[in-house]
Amino acid sequence: MNDSTPIIQIKDVVKRFPVGDDEVTVLKGISFDVYPSEFACIVGPSGNGKSTLLNMITGIDHPSEGEVLVTAQPVHTMSENQLAAWRGRNVGIIFQFFQMLPSSNLLQNVILPMDLVKQLTPKERRERAMHLLDIVGLADQAQKLPSMVSGGQQQRAAIARALANDPPLLVADEPTGNLDSKTEEVVFTLFEDLVRQGKTLMMVTHSRSLAARIPRMIEIRDGRIANDT
């Protein structure tokens, strides 16, 4: 662990969900820090709040109690407009089901996050998108619709899209859950390369074999951290 400021700070986070007239506490006082250039994963049984925790890091969900600071910003107190602007520049999200726009080709899907933040000229956005598709091995598929390529290719395109605005943090929720073992290896190797290049990567996975290869594993059981190694 280094001495720099954490890129993620989770402080005494509690999350409750209403169930009928009652409520269920899924997270029961979770605290941990993640530092720049770390590759960390969250593991544990289904229903223990792994994806909920990831959604709080991205600002998609909010804690019932506690604080969530990401890139030194109090994500848990930000408005939707503030979150959208912050997320566009600071976090790349990789979903299990790709979430590609079906009527746009792969190139257009990768350009979209850059269109939203408007930091580059249209020409620069296109050039960067093609560069990112090249990095993930899809430059020759740029004009194809998502339905015309495999699930593994869609996931690689989704990684390129997550990198569009060069965010310091990548968050991945079961990113290999729908991939065969060969494609899983390709995607995981991409992740390792990105961390070596300085990205911070936070991933939820059910795969114990993948988790064993990730430098840091945070295990959640019964709403608490059981192990952090």
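How big, on average over all directions, is the shadow cast by the Cα convex hull of the stretch 1-40, in nm²?
Values: hull surface 14.0 nm².
With every direction weighted equally, the projected area is 3.5 nm².
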Taking the Cα centre of the chain as origin, sum charge times position over the Cβ atoms of Lys and Arg (+1) and Asp and Glu (-1), and report the length of that vector in debye to the nearest 20. 500 debye
Per DSSP helix of 4 or more residues, -39500 (n - 2.57); summed, then divided by the residues of the chain. What does that give at 222 nm, rounded to the nearest 500? -10500 deg cm²/dmol
Would you mind counting up the charge near residue 15? Only other residues with Cβ under 11 Å from its Cβ, with Lys and Arg at +1 and Asp and Glu at -1. -1
Mind listing the Cα extents of the stretch 114-229 along all three principal axes, in Å, largest one first? 49, 30, 24
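Would you mind working out the accessible area per residue for the stretch 115-159, using a 1.4 Å probe, and quoting it in Å²?
Numbers: 2520 Å² over 45 residues.
Ligands and nucleic acids excluded, the figure is 56 Å² per residue.
Ratio of Rg to Rh for the stretch 174-229, alpha carbon only, Kirkwood? List each step's numbers first, then the result.
Working: Rg = 12.2 Å, Rh = 12.3 Å.
Reported Rg/Rh (Cα atoms, Kirkwood Rh): 0.99.
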What is the angle, in °, between the Cα long axis of helix 151-162 and the longest principal axis of the Cα atoms in the chain? Nearest 10 is fine, range 0 to 90. 80 degrees
If you take every DSSP beta bridge whose two residues both sit in the chain, what share of them, in percent to the nearest 5, is antiparallel? 55 percent
Rg/Rh (Cα only; Kirkwood hydrodynamic radius) as it applies to the stretch 29-158: 1.01
Highest GNM mean-square fluctuation, the chain, Cα pairs closer than 10 Å: which of 58, 77, 200? 77
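Mind putting a number on the dipole of the stretch 1-136 about its Cα centre? Charges go on the C-beta only, +1 for Lys and Arg and -1 for Asp and Glu, and I need it in Debye to the nearest 20.
On the way: 12 positive and 15 negative charges, 102 e Å.
Roughly 480 debye, rounded to the nearest 20.
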Pick from 65, 124, 23: which is most flexible by mean-square fluctuation in a GNM of the chain where alpha carbon atoms under 10 Å apart are linked? 23
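Would you kindly give the portion of the calculated P(r) for the stretch 1-101 that falls above 22 Å, as a percent of all Cα pairs? Intermediate values should be presented prior to the final figure.
On the way: 1686 of 5050 pairs.
Cα-Cα pairs in the stretch 1-101 separated by more than 22 Å: 33 percent.
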From the P(r) of the chain, can you give the percent of Cα pairs sitting at distances over 25 Å? 41 percent
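About the Cα centre, and with charges only on the beta carbon of Lys, Arg (+1) and Asp, Glu (-1), how big is the dipole of the stretch 1-64? Nearest 20 debye, please.
Numbers: 5 positive and 8 negative charges, 15 e Å.
Taking the Cα centre of the stretch 1-64 as origin, the dipole is about 80 debye.
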Run the reach check for residue 123 against lysines, Cα to Cα strictly under 21 Å, same-chain hits fewer than 8 apart removed. What comes back? 144
Where a Cα-Cα gap under 23 Å defines reach, which lysines qualify for residue 15, not counting those fewer than 8 residues away within the same chain? 28, 50
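List the trypsin sites (Lys or Arg not before Pro) within the stretch 107-192 that fall in a DSSP loop (any state other than H, G, I, E or B) and whose Cβ has at most 11 other Cβ atoms within 10 Å. Write out the running numbers ahead of the final one.
Numbers: sites: 118, 123, 125, 126, 128, 144, 156, 161, 182; in loops: 118, 144.
Listed in order of number, the matching sites are 118.
The values are calculated or read from the model by the stated rules, or taken from the named source; none is laboratory data. Just so we're clear, the structure is a prediction, and the values are computed from it rather than from any experiment. Cβ: placed from backbone, ideal geometry, glycine included. Neighbour counts: every protein chain shown. The protein model used for the area step is the full one, side chains on, heavy atoms only, and it has no ligands, DNA or RNA in it. Shrake-Rupley method; radii C 1.70, N 1.55, O 1.52, S 1.80 Å.
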